[in-house]
Amino acid sequence: MRWHRRLYHWVLSWAEHPQGTWALFGLAFAESSFFPVPPDVLLIALCLGQPRRSGWFALVCTAGSVLGGLGGYAIGMGVYDSVGRPILEFYGLTEKYVEVQELYRRFDVWAVGIAALTPIPYKVFTVTAGAFGISLPGFVAASIVGRGLRFGIVATLLRLWGEPAREFIDRHLGVLTVAFAILLVGGFVLVRFVF
């Protein structure tokens, strides 16, 4: 795990770099298909350094992540056996393949939206979405909504409350995103049955 910590610090170093916004885009792109460090790390650092640009950083992060998700989708669709499977094996996520297949069978693109919003490794869902032939327009829409909400919430909290928000997010990110995903899905279920 020492390599992971070095990688984490390397990502954080981009917050001080003039090209930090482009690094955020590239990191969000790469993380959606193969890179191990989530873009939230750099997003948080950039938002704390320049709070007035938090919305812009969230937008850049979302765009990079969705485009990277399309890259993951293409890997799954075109070269799963030679590229996609080794990515999942590298992260020890091969057993998740069958679980994700079941989620797609039950929830279709909603599974992508929930993964895009939560700390679940998004790359597992982008690669498998292509491998399972999930609707591309639905995949893109779910990715935009899920990633946009995730990064938008983080950026908004940091814009409004700064360092205390960062500490709270760091401590409770998993619980917060799962709770939000449950509320989001519950809202859709409610709308479906009421209307």
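Every number in this text was worked out from the coordinates using simple rules, so none of it is lab data. The shown structure was predicted, so the numbers you read here are calculated from the model rather than taken from an experiment. In this analysis, Cβ positions are derived from the backbone assuming ideal geometry, glycine residues included, and neighbour counts consider all displayed protein chains.
Please work out the FRET efficiency for the pair Phe90 and Trp22, using the Cβ-Cβ distance as r and a Förster radius of 30 Å; give the result to the nearest 0.05.
Numbers: r = 26 Å, r/R0 = 0.86.
It comes to 0.70.
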Subject >> Gain in span if fully extended, Arg171 to Ile153, counting 0.36 nm per residue against the direct Cα distance >> reply: 4.9 nm
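Which order, highest average first, do 72-81, 124-133, 96-105 follow once you tally other Cβ atoms within 10 Å for each residue and take the mean per peptide?
Numbers: 72-81: 19.1, 124-133: 25.2, 96-105: 15.4.
In decreasing order of mean packing, 72-81, 124-133, 96-105 become 124-133, 72-81, 96-105.
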Original post:
Trp56 to Leu160: extension gain in nm, 0.36 nm per residue of separation minus the Cα-Cα distance?
Top reply: 36.0 nm
Original post:
Counting pairs of Cα atoms in segment 23-179, how many percent are more than 21 Å apart?
Top reply: 41
**OP:** For segment 120-132, just list the computed ³J(HN,Hα) in residue order, Karplus coefficients 6.51, -1.76 and 1.60, θ = phi - 60°, integers in Hz, with x standing in for Gly and Pro.
**Re:** 4, x, 4, 4, 4, 7, 6, 5, 6, 4, x, 5, 8
Subject >> Viscosity 1.306 mPa s, 10 °C: Kirkwood-radius Stokes-Einstein D of segment 17-81 over Cα pairs, µm²/s >> reply: 132
Original post:
Given labels modelled 7 Å from the Cα in the Cβ direction, how far is it in nm from Ser135 to Arg105?
Top reply: 2.0
